[in-house]
Amino acid sequence: MVNEMNLKEYISFTKDRVETRLPEVVKALHAPVNLKESMLYSLTAGGKRLRPVLLFATLHAFGKDENMGLETACAVEMIHTYSLIHDDLPSMDDDDLRRGKPTNHKVYGEATAILAGDALLTNSFQLISEAAHPEITSHMKLQLITELVKASGTEGMISGQVADMEGEKKQLTLDELEYIHLHKTGKLLGFCVKAGAILAKATPLQQELLEEFSKHVGLAFQIQDDILDVEGSEEKLGKPIGSDTENEKTTYPSLLGMEAAKEKLQYHVEQALLSLRQAQIKHGLLEEICLYIAKRDS
């Protein structure tokens, strides 16, 4: 079925699969109704679901059953959503809108929003541990949880968020800016490719090449985000443009200039594709996703 789809249809199919499963996960929890409503409010607010798409596409590249990745894909979306809820808080970015809707704390209050984020984070690991696909071994689950902790925790996304906050109102170097993006955004994107490789029993060389691929994809993703914050459409993005400028954040366009930022974007796309083609897998779908990330308008 996947082979008969174009990329737009594949992304839509993946979104439907994940967005059907996520409410089931939350509704099954024994927890206060208001907490679950807050969790679901942000989980079901839409979004590109590129992280699950990368995970499923990696499994596809190895000819594996994509359903192997469903629980892990949902776990990643839970962590990504928790990070957005917390990012939007007054003590962080103090945003009123997310994907065109009032942010979680504007609807449910700060305390519930914080706890909803905490719940999404902790329950994500339980979801992986309880994955029931017959091809997923206990050792795979341990590997997935370990790598997800690294990607989302102190060595990954959290460090990126701290560096991002500390970098506000400062002129960062290119190395400092790349550190923020590799950790805040890139690590979780990279985990999705790594998770697919773990589940597919990829060779060490394939895992190394796919890690390089995902690193460059993560940077391309963020550079395009920075470009869209200047040239994008508020209607398509679902949030105000120019927020990085207002918050005095260093971005690729502000540091390098728009033309050089677009050249840097193209460089990372080319490097990602080079690593991907060397991995000796069925790379067509992952290649399309890489190019889509670089050209997206939302």
Requested in this report: State yes or no: is VAL53 farther than 27 Å from ALA272 by Cα, open to solvent by less than 60 Å² (accessible area, probe 1.4 Å) and out of contact with any His (no Cβ under 7 Å at 6 or more places or on another chain)?
Outcome: no
Report task. Please enumerate the residues belonging to the range 61-112 that are of a type in the set (Ser, Thr, Tyr) and open to solvent by 40 Å² or more (accessible area, probe 1.4 Å). Result -> SER91, TYR108
Requested in this report: Scan the helices (runs of 4 or more DSSP H) fully inside the range 1-114 and keep the ones with 1 or more residues being touching a residue at least 24 places away in the same chain (Cβ under 8 Å) and touching an Asp or Glu at 6+ places or on another chain (Cβ under 6 Å).
Outcome: 7-27, 50-61, 70-87
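Suppose we filter LEU199, LEU177 for residues that are within 22 Å of LEU219 (Cα to Cα), in contact (Cβ under 8 Å) with a residue 24 or more places away in the chain and not aromatic (Phe, Trp, Tyr); which single one remains?
None of the others qualify; the one that does is LEU177.
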Report task. Please enumerate the residues belonging to the range 253-298 that are among the hydroxyl-bearing types (Ser, Thr, Tyr), open to solvent by less than 50 Å² (accessible area, probe 1.4 Å) and modelled with pLDDT of 95 or more. Result -> SER275
Query - Residues (surrounded by 12 or more Cβ atoms within 10 Å (Cβ to Cβ), of a type in the set (S, T, N, Q) and closer than 16 Å to VAL193 by Cα) located in the range 123-149 - result: GLN143
Query raised in the report: What tally of residues in the range 20-52 results from selecting those that are β-branched (Val, Ile, Thr) and either touching a Cys at 6+ places or on another chain (Cβ under 9 Å) or at pLDDT below 95 (or both)?
Result: 2
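The values are calculated or read from the model by the stated rules, or taken from the named source; none is laboratory data. These figures come from a predicted structure and were not determined experimentally. With ideal geometry, Cβ positions are generated from the backbone for all residues, glycine too; neighbour counts draw on all protein chains shown. The accessibility values were calculated without ligands, DNA or RNA, using every heavy atom of the protein model including side chains. Shrake-Rupley method; radii C 1.70, N 1.55, O 1.52, S 1.80 Å.
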